[in-house]
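As structure tokens, the structure follows; a few thoughts come after it.
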Amino acid sequence: MQDIILEAKGIKKHFPIRKGFFMREVGQVKAVEEINLSVRRGETLGLVGESGCGKSTLGRTLIRLYEPTAGTIQFDGADFAALSGSDLRKKRRDIQMIFQDPYASLDSRMTVGQIVEQPFKIHGILEKNEREARVKQLLELVGLKASHVNRYPHEFSGGQRQRISIARAVALDPKLIICDEPVSALDVSIQAQVLNLLKDLQERLKLTYIFISHDLSVIEHVCDRIAVMYLGRIVELASRDELFSNPMHPYTRALMSSIPTIGTGKKKMQKILSGEIPSPINPPSGCAFHPRCSYKIDECSKILPPLLPIGNTEHTKACIVNLKTNLKEIL
Amino acid sequence: MNPVVQVKDLETTFFLKSGPFRAVNKISYEINQGETLGIVGESGCGKSVTSFSLMRLIEKPGKVTGGEFTLNGKSILGLDERQMEDVRGGKMAMIFQEPMTALNPVLTIGYQMDEQIKKHLKLSPKDSRDRAIEMLQLVGIPSAAERYESYPHQLSGGMRQRAMIAMALSCNPEFLIADEPTTALDVTIQAQILELFQSIQEKMKMSVQFITHDLGVISEVSDRTLVMYGGQMCETGNTQDILNSPRHPYTAALIQSRPKMGQRVNRLKTIEGVVPAPHEFPKGCPFANRCGRVQPECWTTKPRLTTVTGYDKRAVACFNPL
């Protein structure tokens, strides 16, 4: 049996829409709906989807930056969703986050030393001189210089700032890190440096990652298992090899064929997917993807397809249509 | 047949407090009718400044300090601002990366399109309205007549970019500059926009300069490619030649540092270091301090762009090419 570090069941996150003088609730944005997810110790689980699919909201709900509307989270032997006060604070040491924008996620009025020291202060660990020594170690661990402690974030490039956020995230020796689009704001050559650093740290520190990205080629590079999301739900979940060699949900296929690839030559782009992502305030009936799907049948607009295993495998999909397995015919 | 666009030794300098900084340094290229030239490079390489220089949109402290740019034989850099207004938006048009900042938020889409159409095509208000709606239909905007009355914030990101494209194309430009037109969009929407772009270019036979940092997009839309680093040309040639057998170490490193679908590696190859600050570029080749094939002369002399034999119109600026 696999060692599960985090198990989420029935996670929902709805945001109220308030209007008028009394701020009455007039509707809800259903950002995340009924997500069941388990993360294995030591793996990298990818969450991939387009903007508005709920991948970031799910990440933030799992770490309880957002309180889940419903559902339970088991994290490393504790009922994480039910914890409060000092118990919650203690457990939160083990679960950290790296954000997309290294310009917004670092306080511009704090020095790099103060930023990386902050987690130790908040949790009251180590004496002052020990903390300072540890901060220097951490900076070197992520490929910066110990002499950088007294500089401010604006003196660093985007890639270096992301290294600072990584140093802050690993400071308390966490078990799980949620990486929310950690390389999306960076140039290609810098992306590669940061991705390599994240891989090295995972090996050295025995970390588990939940890796959120919209970029399938980055996801393929770093993840062991991948969950594809669309409009707040997981539509397909499989191991990396299985997902890329045998995508079974029409949305996954559309996503894969939309990615521009090097070396295929200037080609006539095909009409891959028409329409846009619907609003999560008023999602379509049945399968949320059916208005854009080219394989849809009548039932798709009536039945909400559950996420079910395909045969006896660990590959699960939420689609009632059985697609041909021969990918070549589609791509 | 003469090329539609001819750029020769273009130089743009920013006069900063710390001294003059040449953001674009002796860039030369040509684009034929119906051809797409891709310009690729990382942030700060000068690819956007090149486009802004051609559109004459460089503001102080920047200035185009040298070179020539002719559009169908007509010199553009020598025009005064009044003459330039007749060209900009008419014979040459530009699509920007972020339509939300490029469009005026307090004017309707229709008003902004009319303004341009009236000026360049000299149509009556009614005809220009019809033209605008026709263009919105052409780029695949549903219920175009209603969208004509909409404000930019009422459209989704993909629709706004379509409206931008409609606006740029409304006066039948001969030369279109697209500056990262799909970078802010989701992949499935990006695929739709690229498809639209290609079908329209085929119909209208424009010359296109397509700027992006994404090698995948370059590979799918452009005929020829120009790779830039530190304001200079590294390499130019047919897109597939460049991507399949890069000669400049920077091009090769750029291709290798990108994870590719279906080709798994344990570690990505990286380019060491970061792009230097404006005044910290090496004196010789701008890439010298990050290059794995650096030679002593790279530090002191700027490599000239030299023709690569055995290819069609291919050149590389490197003392020690691959």
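Here are the numbers for the structure shown:
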{"quantity": "Reduction of at least 50 Å² in accessible surface, 1.4 Å probe, comparing all protein chains with the chain by itself, residues of the stretch B:174-200", "calculated": "B:D186, B:V187, B:T188, B:A191, B:Q192, B:E195, B:Q198"}
{"quantity": "Sites B:Q154 and B:E134, calculated FRET efficiency, Cβ-Cβ separation with R0 25 Å, nearest 0.05", "calculated": "0.75"}
{"quantity": "Fraction of beta bridges assigned by DSSP in chain B that are antiparallel (%, nearest 5)", "calculated": "60 percent"}
{"quantity": "About the Cα centre, charge dipole magnitude for the stretch B:1-115 (Lys/Arg +1, Asp/Glu -1 at Cβ), debye", "calculated": "380 debye"}
{"quantity": "Environment charge of A:A238, counting only residues whose C-beta is closer than 15 Å and scoring Lys/Arg +1, Asp/Glu -1", "calculated": "-2"}
{"quantity": "Using θ = phi - 60° and Karplus 6.51 cos²θ - 1.76 cosθ + 1.60, couplings along the stretch B:155-171 (whole Hz; Gly, Pro as x)", "calculated": "9, 6, x, x, 5, 4, 5, 4, 4, 4, 5, 4, 5, 5, 8, 4, 10"}
{"quantity": "Amide H contacts under 5 Å for A:I178, placed H, 5+ residues apart", "calculated": "A:Q96, A:M97, A:I98, A:I210"}
{"quantity": "Förster radius 41 Å - calculated FRET efficiency between B:L79 and A:H123 (Cβ-Cβ, nearest 0.05)", "calculated": "0.05"}
{"quantity": "The stretch A:34-97 and the stretch B:1-54: distance between their alpha carbon centers, rounded to Å", "calculated": "47 Å"}
{"quantity": "Among B:191-200, A:145-154, the order from most to least packed when residues are scored by Cβ within 10 Å on average", "calculated": "B:191-200, A:145-154"}
{"quantity": "Rough spin-label spacing in nm, given labels placed 7 Å along Cα→Cβ, for A:S86 and A:Q2", "calculated": "3.6 nm"}
{"quantity": "Listed residue pairs exceeding 32 Å between alpha carbons, taken from B:K205/B:K283; B:K60/B:K119; B:K17/B:K302; A:K199/A:K317; B:K17/B:K47; A:K121/A:K206", "calculated": "B:K205/B:K283"}
{"quantity": "10 Å Cβ neighbours from other chains, averaged over peptide A:42-54", "calculated": "1"}
{"quantity": "In Hz, Karplus ³J(HN,Hα) per residue of the stretch B:255-268 (6.51, -1.76, 1.60; θ = phi - 60°; x = Gly, Pro)", "calculated": "5, 6, 7, 9, x, 10, 5, x, 10, 8, 10, 6, 10, 7"}
{"quantity": "Accessible surface of the stretch A:91-189, 1.4 Å probe, proportion on carbon and sulfur as whole %", "calculated": "42 percent"}
{"quantity": "In nm, spacing of pseudo-spin labels at A:E314 and A:E155 (7 Å Cα→C-beta vector)", "calculated": "4.6 nm"}
{"quantity": "Accessible area (Å², per residue) of the stretch A:1-159, counting only protein heavy atoms and a probe of 1.4 Å", "calculated": "52 Å²"}
{"quantity": "Accessible area buried at the B-A interface, both sides summed, 1.4 Å probe (Å², nearest 100)", "calculated": "4100 Å²"}
{"quantity": "Unsatisfied cross-links (Cα-Cα over 20 Å) in the set A:K55/A:K90; A:K13/A:K302; B:K91/B:K122", "calculated": "A:K55/A:K90; A:K13/A:K302"}
{"quantity": "Chain B: angle of helix B:187-204 to the longest principal axis, Cα-based, in degrees nearest 10", "calculated": "80 degrees"}
{"quantity": "Threshold 30 Å², the stretch B:271-319 residues less accessible with all protein chains present than alone (1.4 Å probe)", "calculated": "B:V274"}
{"quantity": "Simple label model, 7 Å out from Cα along Cβ direction - B:M100 to B:E115, nm", "calculated": "2.0 nm"}
{"quantity": "Accessible surface, the stretch B:184-322, averaged per residue in Å² (probe 1.4 Å)", "calculated": "41 Å²"}
{"quantity": "Nearest-ten-degree value, helix B:109-121 long axis tilted from longest Cα axis of chain B", "calculated": "80 degrees"}
{"quantity": "Residues whose placed amide H lies under 5 Å from that of B:V24, excluding near-sequence neighbours", "calculated": "B:T12"}
{"quantity": "Efficiency of FRET from Cβ geometry, A:E299 and A:F15, R₀ 22 Å, rounded to 0.05", "calculated": "0.15"}
{"quantity": "Protein accessible area in chain B, 1.4 Å probe - carbon and sulfur %", "calculated": "50 percent"}
{"quantity": "Those residues of the stretch A:163-190 whose amide nitrogen sits under 11 Å from the label point placed on A:R93, 7 Å along Cα→Cβ", "calculated": "A:172-174"}
{"quantity": "Tensor-based shape of the protein assembly as shown (alpha-carbon gyration tensor, a/c under 1.5 rounded, otherwise prolate or oblate)", "calculated": "oblate"}
{"quantity": "For B:254-266, mean number of other protein chain Cβ atoms within 10 Å", "calculated": "6"}
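The values are calculated or read from the model by the stated rules, or taken from the named source; none is laboratory data. If you're wondering where the values come from, they're calculated on a predicted model, not measured in any experiment. Cβ sites come from the backbone with ideal geometry, for glycine too, and all protein chains shown count toward neighbours. The protein model used for the area step is the full one, side chains on, heavy atoms only, and it has no ligands, DNA or RNA in it. Shrake-Rupley method; radii C 1.70, N 1.55, O 1.52, S 1.80 Å.
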